[in-house]
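Visitor: If you scroll down you'll find the structure; I have some questions about it.
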Amino acid sequence: EAQVTQNPRYLITVTGKKLTVTCSQNMNHEYMSWYRQDPGLGLRQIYYSMNVEVTDKGDVPEGYKVSRKEKRNFPLILESPSPNQTSLYFCASSWGTSLGNEQFFGPGTRLTVL
Amino acid sequence: AQKITQTQPGMFVQEKEAVTLDCTYDTSDPSYGLFWYKQPSSGEMIFLIYQGSYDQQNATEGRYSLNFQKARKSANLVISASQLGDSAMYFCAMDRGGGFKTIFGAGTRLFVKA
């Protein structure tokens with residue numbers, strides 16, 4: 001089944017404790033992206049990747065890191081989480097970067113930073 | 001600055017009636033793409049419909065159609081014959097910058113009444 005998977009689905013952590021949210025897709029998509037969803041703000045793009053070893057900042061990259069060492073994986077790293085990073089996080093992928101490619105989303109990761 | 005605006009935080013519609021969800025956008029790019037996604041209460045993001053800036057005809061996908069008015073910079077979603085399962089959050093989104101970056105509106109929550 002074609003899908004984007006994220007782990008963990010739920011995470012409660014404390015300020016400053018490094019964490020990684022994994023994202024994997026099995027559709028051989030070139031493009032992958034991370035978003036955070038907050039009430040009243042919709043989804044905001046954190047980072048995106050056009051292909052292996054090619055990443056760039058979205059609109060809200062502060063406090064996050066990403067890497068794309070393999071085409072299928074795009075982990076999101078929070079080196080020192082803070083309470084303002086409490087949010088619902090989505091990973092997404094699509095075939096390419098030309099216009100018109102809809103994104104396929106993972107199920108989401110709900111993160112709480114205490 | 002590029003922006004997506006959804007002015008209706010919440011809407012009610014009677015089952016079997018049509019409903020229009022508003023979306024206006026702002027961009028200086030001549031080439032862009034507009035998307036609508038649905039987010040049911042279960043949380044996943046589901047692609048509904050796409051409209052390219054150069055497409056001459058309005059996009060349609062089953063009960064979904066996109067009323068694209070380029071001069072007004074609007075891309076409203078029309079759902080015909082509403083069903084109870086249409087109750088969800090709906091997001092308008094725009095690809096920009098060659099499709100690398102995506103911005104989302106704040107969303108409209110639709111409630112379908114039996």
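The values are calculated or read from the model by the stated rules, or taken from the named source; none is laboratory data. Because the structure is predicted, anything quoted here is derived from the model rather than measured. For neighbour counting, all protein chains shown are included, and Cβ atoms are generated from backbone atoms with ideal geometry for every residue, glycine included.
Visitor: Regarding A:Leu41, is this residue within 11 Å of chain B (Cβ to nearest Cβ) and free of Cβ contacts under 8 Å to residues at least 12 places away in the same chain? Step through it out loud before you land on a result.
Guide: Working: within 11 Å of chain B (Cβ to nearest Cβ): yes; free of Cβ contacts under 8 Å to residues at least 12 places away in the same chain: yes.
Spelling it out, A:Leu41 is indeed within 11 Å of chain B (Cβ to nearest Cβ) and free of Cβ contacts under 8 Å to residues at least 12 places away in the same chain.
Visitor: Those residues that are within 16 Å of B:Lys70 (Cβ to Cβ) and small (Gly, Ala, Ser), I need them from the range B:1-59; list them, please.
Guide: Answer for the range B:1-59, where residues must be within 16 Å of B:Lys70 (Cβ to Cβ) and small (Gly, Ala, Ser): B:Ser28, B:Ser31, B:Gly33, B:Gly52, B:Ser53, B:Ala59.
Visitor: If you take the residues of the range B:59-114 that are β-branched (Val, Ile, Thr) and touching a helix residue (DSSP H, G or I) at 6+ places or on another chain (Cβ under 7 Å), which of them is nearest to B:Leu48 (Cα to Cα)?
Guide: The first filter runs over the range B:59-114 and keeps only residues β-branched (Val, Ile, Thr), leaving B:60, B:78-79, B:102-103, B:108, B:112.
Still in the running and touching a helix residue (DSSP H, G or I) at 6+ places or on another chain (Cβ under 7 Å): B:79, B:112.
Values: B:Ile79: 11, B:Val112: 18 Å.
Selected residue: B:Ile79.
Visitor: At least 3 residues that are within 23 Å of B:Tyr90 (Cβ to Cβ), under 11 Å from the mean Cα position of the chain (by Cα) and modelled with pLDDT of 95 or more in each: list the strands (runs of 3 or more DSSP E) lying fully within chain A that qualify.
Guide: Working: elements: A:4-7, A:10-13, A:19-25, A:31-38, A:42-51, A:54-57, A:76-78, A:87-94, A:109-113.
By residue number, A:31-38, A:42-51, A:87-94.
Visitor: Further question: Looking at the range A:93-107, which of its residues are surrounded by 20 or more Cβ atoms within 10 Å (Cβ to Cβ) and under 14 Å from A:Gln37 (Cβ atoms)?
Guide: Listed by number, the residues that qualify are A:Gln103, A:Phe105, A:Gly106.
Visitor: Something else: Give the range B:96-114 a look and list any residue that's within 14 Å of chain A (Cβ to nearest Cβ), at pLDDT 95 or above and either under 22 Å from A:Ser93 (Cβ atoms) or part of a strand (DSSP E or B) (or both), or say none. Please lay out each step first, then the result.
Guide: Taking the range B:96-114 first, the residues within 14 Å of chain A (Cβ to nearest Cβ) are B:96-109.
Filter once more, so that each one left must be at pLDDT 95 or above: B:104-109.
Scanning the range B:96-114 gives B:Phe104, B:Gly105, B:Gly107, B:Thr108, B:Arg109.
Visitor: Please specify each residue of the range B:9-48 satisfying the condition of being of a type outside the set (A, V, I, L, M, F, W, C), more than 13 Å from B:Ile79 (Cβ to Cβ) and outside any strand (DSSP E or B).
Guide: To start, the set of residues in the range B:9-48 that are of a type outside the set (A, V, I, L, M, F, W, C) comprises B:9-10, B:14-17, B:20, B:22, B:24-33, B:37-44.
Now narrow it down to the ones that are more than 13 Å from B:Ile79 (Cβ to Cβ): B:9-10, B:24-33, B:37, B:39-44.
Result: B:Pro9, B:Thr27, B:Ser28, B:Asp29, B:Pro30, B:Ser31, B:Tyr32, B:Pro40, B:Ser41, B:Ser42, B:Gly43, B:Glu44.
Visitor: Which members of the range B:49-76 meet the condition of being farther than 25 Å from A:Asp38 by Cα and not in a loop (DSSP other than H, G, I, E, B)?
Guide: Within the range B:49-76, B:Gln51, B:Gly52, B:Thr60, B:Glu61, B:Tyr64, B:Ser65, B:Leu66, B:Asn67, B:Phe68, B:Gln69 meet the criteria.
Visitor: Okay, next question. Go through the range A:44-64 and give me each residue that's touching a Leu at 6+ places or on another chain (Cβ under 8 Å) and either surrounded by fewer than 20 Cβ atoms within 10 Å (Cβ to Cβ) or facing chain B (nearest Cβ under 8 Å) (or both).
Guide: Initially, the range A:44-64 is screened for residues touching a Leu at 6+ places or on another chain (Cβ under 8 Å), giving A:46-47, A:63-64.
The one that is touching a Leu at 6+ places or on another chain (Cβ under 8 Å) and either surrounded by fewer than 20 Cβ atoms within 10 Å (Cβ to Cβ) or facing chain B (nearest Cβ under 8 Å) (or both): A:Gly63.
Visitor: What number of residues in the range A:47-85 are under 23 Å from A:Tyr10 (Cα atoms), free of Cβ contacts under 8 Å to residues at least 40 places away in the same chain and aliphatic (A, V, I, L, M)?
Guide: Adding up the residues that qualify gives 2.
Visitor: Considering only the range B:77-95, state which residues are in a strand (DSSP E or B) and buried (at least 19 other Cβ atoms within 10 Å of the Cβ).
Guide: Going through the range B:77-95, the residues in a strand (DSSP E or B) turn out to be B:77-79, B:88-95.
Result: B:Leu77, B:Ile79, B:Ala88, B:Met89, B:Tyr90, B:Phe91, B:Cys92, B:Ala93, B:Met94, B:Asp95.
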